[in-house]
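Shown next, in structure tokens, is the structure this report addresses.
The values are calculated or read from the model by the stated rules, or taken from the named source; none is laboratory data. What you see is a predicted model, and the numbers here were worked out from it, not measured in a lab. No Cβ is skipped: glycine too gets one built from the backbone with ideal geometry, and neighbour counts run over all protein chains shown.
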Amino acid sequence: MKKQLIGLGVAALMFGGVGSASATLTTIGYATFNNAPTDIQGPTHYNLIWDNDNNGNSLVWLDYTNSTRNGWSYHNTWASGLASDLTLTIDSAYSVNWGSNDWRLGSTVNDINSSWGFNNTTSEMGHLYYEELLFGQGDFQHIERTGAAWYWSSTQVSGSSAWLFEMDGGYQSPPSISTPALGLALRTGEVTVTGATPTPEPATMLLFGTGLVGLVGSRIRKKKKQQ
């Protein structure tokens with residue numbers, strides 16, 4: 001009985017830990033396009049999503065996909081010009097020190113042997129995919145996850161190729177820089193929580209609660225067998 005209860009308790013804590021990993025994505029405000037791109041229909045507000053530890057860095061993602069399928073140079077130019085295209089509104093519970101950092105595409109380790117393929121979390125988009133979004137969208141509403149959801153990184157392999165991350169399957173490869181793909185931008189910024197600390201996500205509490213219910217149910221069944 002004790003071993004069973006301990007096992008269930010450990011399982012509850014493990015599932016709780018998985019849920020809390022997703023909680024590192026936090027919406028801290030929104031961005032408004034000053035001159036809305038032609039593909040925007042409806043609201044022009046897009047979440048600013050804080051990833052508090054992506055390979056040791058504090059990053060803020062813009063929840064907007066540049067859906068113009070184009071080459072690597074096009075999307076790098078697009079990302080670097082976002083500072084003049086956006087007005088940022090940060091929630092009062094947070095403050096951000098952007099330093100001298102500007103908007104850019106996600107980067108990756110430029111190593112053919114270790115960066116090519118699946119399960120690469122040293123890539124900023126790889127970390128986002130595998131450690132934050134693998135089974136869902138998190139706080140993202142405008143990131144593509146199905147079909148040819150291929151996003152350029154900012155990291156060039158050589159003069160003719162650059163790293164590309166596939167959000168539809170988690171694969172990273174270095175195709176030709178002329179390959180038509182998508183753009184997803186981020187900024188490096190130190191975020192400070194100035195207001196109330198965010199509460200755990202509902203999924204975390206649900207998983208932990210499920211573990212506790214399992215413990216109670218197991219104990220009741222054991223007692224019935226003894227009677």
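Taken as a whole, the stretch 179-198 holds no residue that is at pLDDT below 50, surrounded by fewer than 17 Cβ atoms within 10 Å (Cβ to Cβ) and within 19 Å of the chain's Cα centre (by Cα).
Restricting attention to the stretch 56-87, the residues that are farther than 22 Å from L182 by Cβ and either over 19 Å from the mean Cα position of the chain (by Cα) or free of Cβ contacts under 8 Å to residues at least 24 places away in the same chain (or both) add up to 2. When the stretch 156-167 is filtered for residues that are under 24 Å from N52 (Cα atoms) and either over 15 Å from the mean Cα position of the chain (by Cα) or surrounded by fewer than 14 Cβ atoms within 10 Å (Cβ to Cβ) (or both), the ones remaining, listed by number, are W163, L164. For the stretch 63-93, the tally of residues that are over 17 Å from S154 (Cβ atoms) and touching a Gly at 6+ places or on another chain (Cβ under 7 Å) stands at 6.
Kindly evaluate D111 against the criterion of being in contact with a Lys or Arg (Cβ under 8 Å, 6 or more places away or on another chain) and without any contact (Cβ under 8 Å) to a residue 40 or more places away in the chain. Considered against the rule, which asks whether it is in contact with a Lys or Arg (Cβ under 8 Å, 6 or more places away or on another chain) and without any contact (Cβ under 8 Å) to a residue 40 or more places away in the chain, D111 comes out as no.
Please note which helices (runs of 4 or more DSSP H) are completely contained in the stretch 62-155 and include at least 2 residues that are modelled with pLDDT of 95 or more, in contact with a Ser or Thr (Cβ under 9 Å, 6 or more places away or on another chain) and surrounded by fewer than 20 Cβ atoms within 10 Å (Cβ to Cβ).
Qualifying helices (runs of 4 or more DSSP H): 72-80.
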